[in-house]
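Input: a single structure, listed below in structure tokens.
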Amino acid sequence: MKARSVRLAILSVGALAALSACKKAPESNDIGTTLSGKDVEGAANALKLDPGEWELKVETTDMQAPALPPEAVQGNIGKIQSFTMCVTEDEGANPGKLFLKGMDEAKCTATKMTVVNGKVDAVITCPVPDQPSAHMRTTLTGTYMPDRYDLDMDTIIEGLPNDASITMKAKNTGQRMGACPADDLAPKNVIE
């Protein structure tokens, strides 16, 4: 389902941004200027993450989508999507590679990435799965520590069929839960 794909993409962007939180990368006053991979990776490597199993959650707190039936919009508000992932020793010591891999796989770009003194401020733009002319721009603001984070996400999805658009607000949280299970390093995805 397309709505689920959009939620998964938003969750992935937020989780990757939070797990690779960084110092301030060079940025432009022009929000349309894309940061280089080298800038993003270098900034992401400034934070050393605690390795281990992480639980990541995104809760949709508001959604405006005039082209969708009201029950579809209301059905998304309050939903929590969560997954667990393991951060290895190497990924914790060098989170820039993990972040760039996720950005590349999702075909996202960063136009702003500032994380200083535990505060996050980032803007990430990604294509929308199965919608070649659509894109979503997510602004992330909040706080982080090496073992947890708490972000507010504001997302605008534009370029959908019939000039439809969607705006969403979400709460993205994550925390290190302990050591990674030895038998399972694959992410586990759950929608509550």
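The values are calculated or read from the model by the stated rules, or taken from the named source; none is laboratory data. Everything quoted here is computed from the prediction, not taken from an experiment. We place every Cβ from the backbone using ideal geometry, glycine too, and count neighbours over all the protein chains shown.
Report yes if some residue within the range 87-103 is of a type in the set (Gly, Ala, Ser) and surrounded by fewer than 18 Cβ atoms within 10 Å (Cβ to Cβ); otherwise report no. Within the range 87-103, one or more residues are of a type in the set (Gly, Ala, Ser) and surrounded by fewer than 18 Cβ atoms within 10 Å (Cβ to Cβ). Within the range 144-165, the set of residues being in contact with a helix residue (DSSP H, G or I) (Cβ under 9 Å, 6 or more places away or on another chain) and assigned to a strand (DSSP E or B) comprises Tyr144, Tyr149, Asp150, Leu151, Met153, Thr155, Ile157.
Scanning the range 137-157 for residues that are more than 17 Å from Ala106 (Cβ to Cβ) and surrounded by fewer than 20 Cβ atoms within 10 Å (Cβ to Cβ) turns up Thr141, Thr143, Met145, Pro146, Asp147, Arg148, Asp150, Asp152, Asp154. Considering only residues that are surrounded by fewer than 17 Cβ atoms within 10 Å (Cβ to Cβ) and touching a residue at least 12 places away in the same chain (Cβ under 8 Å), look in the range 115-126 and name the one that is nearest to Met63 (Cα to Cα). Checking each candidate, the answer is Asp121.
Listed by position, the helices (runs of 4 or more DSSP H) inside the range 45-143 whose residues that are farther than 26 Å from Glu158 by Cβ number at least 3 are 89-93, 95-106.
Within the range 46-55, the residues that satisfy the criterion of being buried (at least 18 other Cβ atoms within 10 Å of the Cβ) and at pLDDT below 90 are Leu47, Leu49.
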